[in-house]
Structure formats: C-alpha cells, structure tokens
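What follows is one structure encoded as structure tokens, with my remarks underneath.
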Amino acid sequence: MTLAEKLSAYTEEYWDFSEYRNETPLVRYPAVMVAPMQACIIKEIISADETIKEVLDPFCGSGIVLQEGKKLGLNVTGFDINPLATLITQVQLEGLPANETPISITNLHSRLALLIGNIAPFSFRNIHKWFNDDVILSLSVIRQAILGEPNSRIRRFFWCCFAETVKRFSNTRTSTFKLHVKEQAQIDSTVDDSIEYFKSHIQENYPRLITDGTGDVCIRCGDSKELLSLIPQESIDLICTSPPYGDNHTTVTYGQFSILPILWIDKNDLMIWDDRLLETFTAIDSSSLGGKIKRKKDSDSEYSEYVSGISADKQKKVLSFLSDYESIFKLLAKSLRPGKLLVLTLGNRRVDNREIPFDTFNDMLAHKYGMELDSTITRNIVGKRMPCKVSNIKEHGAVKSMSKEYVKIYRKRSE
C-alpha cells in the first residue's frame, strides 16, 4: 500500500483532532501544530520507508514535529529565527536529568526565599510600561535565582517556566499575540503572585521532561535561508514543517509575542544570533520572511494570480513574502534526497478579505523545483492557538482567520 493510500484510509473527520487540547504546555507558544496529527503522518511515512533516519523542521517553533520525530526514533534537526522558540524546543528535546533536577528545584526555592527584598530590580527599555513595580521586583528575584543554577539543561528549563510567568504577569493583553497594553483597570487589579506561580509551573512540568538521554538533536537559531544554505545537497531524508503563511507583521507576530520573555532571560542561555533582534520589539518579525519590503522583481509577474484583487500597498507585502518563501522552498528541494518527502502544513490567509491560495502556490513551487504532489490532507482547524479574528477591513469589519489547514506532501523526483 502506498503512502497516499494509507493516509486516505483515515476518515476526513479523523484529521480534525477535535478532542485534542494541549492544556498545560511548558510555554503557550502561538499557532502550535497538532501533535498527534504530526505523529500519525510521520509514523505512516517511516513505516512506508524504513530508510528514513532523520527529520528536519526549518521553522520548528516550539518543536512539535521534532518531539514526535524523536519519539519515533528519528534524529532531529530544527531551525527557527526566534530565540524563545529554539529555547523551548531545546528544553523539550533534551529533557531533564532524573537525579539532579529535584535537588536543583529545592535549591532554587532556597535562593528565592533568600533573595526576596535583597536585590535591585532588573531593568530594560520601557519595562514599566509592561510590568507593575511589584511584579518587576518579583520577576527580578526569580531571574537572579535562576542564574544561580549551575546545570545548563535545568537552567534552560527554569527559563522556560520563567517565560510563561513573564507572559502571565505582564501588562500586555492575552487576546492578541501583538503587544497591546491592557486597560488601566486591569493593570491596577493585577495581583502579584508570580513567584508562587513560577514554582507551581516548575512542579507541574518537570516530571514529564525527565529523560535518560538526549539522543541525536541539533537545534539552531537564525535565518532559515542562511542555515539551509549550509546543508549539503541531497542529504536530508525527510522535511516536515509548518512554514509561516505570510509575513509575521500581518499574520502571527511570533516576535512580539516572545520579546518580553526574551528581554528578561539571560542572553548566555539564548541562541541570540544577531543582537539587533533585541533593539526593538518588532525586530524579530521584521527579520522573518517578508518582513522587509523589496524592490519589484521579475518574479513578481509569476505571482500575479496570487495577489490579484489586493490593494497595491498590501500587494508589496505579499509579494515580498512570496519571494522570500520561494528562496526557502528552493533550498528545501535542493537539500532533500531524491525520492524523499517534503511535508508542509499550510493555511490560506486572507488579505483585503481575499484568500491567498498558499496551498496552490506551493504546488506551483513544487513543480518548478522538481517535486510531485504525493498526497493532500485537509482538516478543520479546531484547537490551534490562533486569534479567531484578524485585521479589520473598512468595508468588511473584522475578518475571520482561516478555518482549514492543508498538509501537502511532495516527493522529490528521482532523476
């Protein structure tokens, strides 16, 4: 039975995973993939091709694909431009040492008790806009206590729990991934129990991360185009990822979501590949695909059918994204071994209330770069952590976000 036949044997409703919820994540990262769906797809792929030994995710986010790949015995490699994403992924994959972690947690509690009232508040630009004074003092205590942990694996885990604490007690709204200050009444009503929350989040998460070994894991933080260009041609067994569906500024602002925790975490424990990422709250998003508007290129005419009906200004943003994305797709196709698979989980966003057919755009790129469509899975988005409404259009009001997701599986042609 071929892979396409195996996947088509599942009912359409199966792929919705309507009952799946990840209610207690280490860090609530935006727009995460559905773990059991990715696990099922990867399992069927490697059962159909036992020569696959590794999986690459060049937009790994919080590491769902890599976690599921590792569980299935694959060597895993992940890239992401966001230092918070690679920190989360690294911690999820490397796990925690069984014997040392409980002792480190006890020592952390002791340091927290000793540091309360005995350190100066941490500071960065505009910190008082995003945190109340009492919260700043408490978070400063937590930060200093984490710095006292000598084991780097455990310390990175503490930073992840701290990141979730920072987000929870900041003055930014939770209804959007962009940085927007809460109403003053909400800010004034904030109760600072951040230290107790941090401690409970550690207790809730550390048992499931205990592991005896790290396996073959490679996580890199940086521009995926630069990192992919370093991969030898035709050297990868399987690529499985969910790329951005558009530029971060107008889709999911991963950078804005992440920047407050990043500014609190010690840089030595983050894969900061460019210090300019910390200069503004939007720098990560501006460095991502389509983040910078480009001059008109010859390839723009090739994209015309994907941007027709969109205002001229927004066309520029979409064209910049499509151009950046094609350069990534070309590198993915180049790095994949002949006969192997590229698995893309995609969605079609709306611009000016017009759907951008990103799924068929990928079909076009696949044909252009020597790949054939093996199979497609369509699912209804039920539990993915994305805002239910997105940008406002004057004539239409708030535009609903995408309700369907597509898994496109392409096979590289064997010459």
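The values are calculated or read from the model by the stated rules, or taken from the named source; none is laboratory data. Given the structure is predicted, the values throughout are model-derived calculations rather than measurements. Cβ: placed from backbone, ideal geometry, glycine included. Neighbour counts: every protein chain shown. Note: areas computed on protein heavy atoms with side chains; ligands, DNA, RNA excluded. Shrake-Rupley method; radii C 1.70, N 1.55, O 1.52, S 1.80 Å.
On the chain, 48 percent of the accessible area sits on carbon and sulfur atoms, based on a 1.4 Å probe. A crude spin-label estimate for the pair Asn107 and Thr211, with each label 7 Å from Cα along the Cβ direction, gives 2.2 nm. At 1.4 Å probe radius, can you tell me the per residue accessible area of the chain in Å²? Result: 45 Å² per residue.
Taking a ≥ b ≥ c as the square roots of the eigenvalues of the alpha-carbon gyration tensor, region 111-201 is classed prolate because a/c is 1.5 or more and a/b outweighs b/c. Rolling a 1.4 Å probe over the protein chains gives Ser304 an accessible area of about 60 Å².
Here the Gaussian network model covers the chain, with springs between Cα atoms less than 10 Å apart; of Glu23, Glu372, Glu100, Glu23 fluctuates the most.
Quick check: from the Cα gyration tensor, does region 1-78 come out rounded (a/c under 1.5), prolate or oblate? In terms of gyration-tensor shape, oblate. Oblate is the label for region 272-338. Its Cα gyration tensor axes, ordered a ≥ b ≥ c, give a/c of at least 1.5 and b/c at or above a/b.
Length available on full extension from Asp274 to Tyr20: 0.36 nm per residue minus the Cα-Cα distance, which gives 87.8 nm.
Applying 0.36 nm per residue to the separation of Glu196 and Asn126 and subtracting their alpha-carbon distance, the gain on full extension is 22.7 nm. Rounded to the nearest 20, the size of the Cβ-charge dipole of region 313-369 about its Cα centre is 180 debye, with Lys and Arg at +1 and Asp and Glu at -1. Near the amide H of Ile210, under 5 Å away, which other amide H atoms are found, from residues 5 or more places off or on another chain, if H is placed in the peptide plane? Close amide H contacts, sequence-distant or interchain: Leu96.
For the residues Leu209, Leu137, a 1.4 Å probe over the protein chains yields an accessible-area ranking, largest first, of Leu137, Leu209. Taking a straight Cα-Cα cut-off under 12 Å and skipping sequence neighbours fewer than 8 places away in the same chain, no aspartates and glutamates fall within cross-link reach of Lys167. Cross-link pairs exceeding 24 Å in C-alpha to C-alpha distance, out of Lys6/Lys53; Lys6/Lys330; Lys71/Lys340; Lys225/Lys368, comprise Lys6/Lys330. Across the options Gly117, Ile136, Pro30, the greatest Cα extent toward the positive end of the charge dipole of the chain (unit charges at beta carbon of Lys, Arg, Asp, Glu) belongs to Ile136. Extension gain for the segment Lys71 to Ile381, taken as residue separation times 0.36 nm less the Cα-Cα distance, is 109.1 nm to one decimal.
Of all DSSP-defined beta bridges confined to the chain, some 55% are antiparallel rather than parallel. Solvent exposure of Leu331, expressed as accessible area, is near 30 Å², computed with a probe of 1.4 Å over the protein chains only.
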